[in-house]
Amino acid sequence: MGSIILNFEEKQLSQLQAKAKELKFSSVEELLIKMADRLIETHEINFESAMQYVLKKNKELYKRLA
């Protein structure tokens, strides 16, 4: 497992700590890891949807051109 060091302003860190507590995470780190997982997952879903849309449209286009 790798690690990343992030520097936050005090206000940002306080907000992250409050959000982690509100969402019942044990730490800010846990919150940030969950947020990163969600971001990656959402990106993969959006990419997959876009790819399927393009493939469908290309299939329709190739049928018309044939």
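The values are calculated or read from the model by the stated rules, or taken from the named source; none is laboratory data. Given the structure is predicted, the values throughout are model-derived calculations rather than measurements. Don't worry about glycine lacking a Cβ; one is built from the backbone with ideal geometry, like all the others, and counts go over all protein chains shown.
List the residue pairs whose Cβ atoms are under 7 Å apart, where the first residue sits in the stretch 15-41 and is over 20 Å from residue 1 (Cα atoms) and without any contact (Cβ under 8 Å) to a residue 24 or more places away in the chain, the second is small (Gly, Ala, Ser) and surrounded by fewer than 13 Cβ atoms within 10 Å (Cβ to Cβ), and the two are 6 or more positions apart or on different chains.
20/27
Would you confirm, using the coordinates I've provided, whether residue 14 is of a type in the set (Gly, Ala, Ser), in a loop (DSSP other than H, G, I, E, B) and at pLDDT 90 or above? Outline the logic, then answer.
Numbers: of a type in the set (Gly, Ala, Ser): yes; in a loop (DSSP other than H, G, I, E, B): no; at pLDDT 90 or above: yes.
When the stated conditions are applied, residue 14 does not pass them.
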